[in-house]
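I have placed the structure first, in the form of structure tokens, so that the comments after it can refer back to it.
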Amino acid sequence: MERSQGSRKGSVAELRTGDSGWKSIRKGHSANITDERTKIMEQILADYLDICLRFRKKYLSKPERKPRHILLMKWANTPYVDGNLTIPDLYKFWDCNRDISYNKVFVGKVIVPAVRDDRKNGSIEGLKFLFYCLRGRDSFSYRSSDNPLSIYCDADGYEYSPLELADMVLEKEPEDEDVLKVKYFIGKEILWYSIHEIPSGILSGGDGASIPDMLNSVDRFQNLSDKLKIDDDEILISDCRQFYVAYGAYL
């Protein structure tokens, strides 16, 4: 049975795996924690879980969403300690609690600062984690502005787009499937939209100079589709090539 507001039972350390999907963030390593900073950083996660346990995991009613939002914003604005969680810390927590961590407040408070720190150290592990967060999600999630990758880009004022961050990772690890899938789903959306908006392109006075680049983008998408062994893109690829050529001839 899912927990509803006011039905908390036990401490965070007592959380266990079950139908509800909750797990303790302290299992297996809490007894060895001696560093005070580590304890405080872990408390950030414990406090977040404590809030989540007061409510059902999904399908919250409006009367439930408001108090949950108030508690989450109070948590987000609470100062804990200088420094941020490490990327391995994030993987541990995410793997145990991914259903409740796919949340803009959590991403902004915990994930964004950790990834920034990781990038400052010249690592791509934080970026890889952002792409990992999308693993197992539906295609819409890859394009949503509410996914962890997009939230990170927005927090940094879109200094880099999701596709540019993907290229940063692929430059060093070209076979990373999590990253390739993000490029695939975003690329597919771009191609579909370009066909849908061809009439507006004509009306806005396009000169056809970009047609070769558009055709090259179709080739890149096909290569990506083949690499991921996705076999339902033939119609989209064919339509794009046909319409792009016709668009250039018309102009």
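At most 16 other Cβ atoms within 10 Å and a DSSP loop assignment: could you name the chymotrypsin sites (Phe, Trp or Tyr not before Pro) in the range 67-97 that fit? All intermediate terms of the calculation are to be shown ahead of the outcome.
Details: sites: W75, Y80, Y91, F93, W94; in loops: Y80.
Qualifying residues, ordered by number: Y80.
Over the range 35-153, calculate the relative contact order: mean separation of alpha carbon pairs under 8 Å at least 6 apart, over the residue count, as a percent. Before the final figure, lay out each step's value.
Details: 76 pairs, mean separation 27.3, N = 119.
Normalised by residue count, the contact order of the range 35-153 is 23 percent.
Mind checking the dipole of the range 73-172: about its Cα centre, +1 per Lys or Arg Cβ, -1 per Asp or Glu Cβ, Debye to the nearest 20?
260
Report, ordered by chain and residue number, the lysines lying within cross-link reach of K109, taken as a straight Cα distance under 16 Å and ignoring same-chain residues fewer than 8 apart.
Filter leaves K74.
Since every read-out is calculated from the coordinates, none of them should be taken as a lab result. What you are looking at is a predicted structure, and each value in this text was computed from that prediction instead of being measured. Note: ideal-geometry Cβ built from the backbone for every residue, glycine included; neighbour counts use all protein chains shown.
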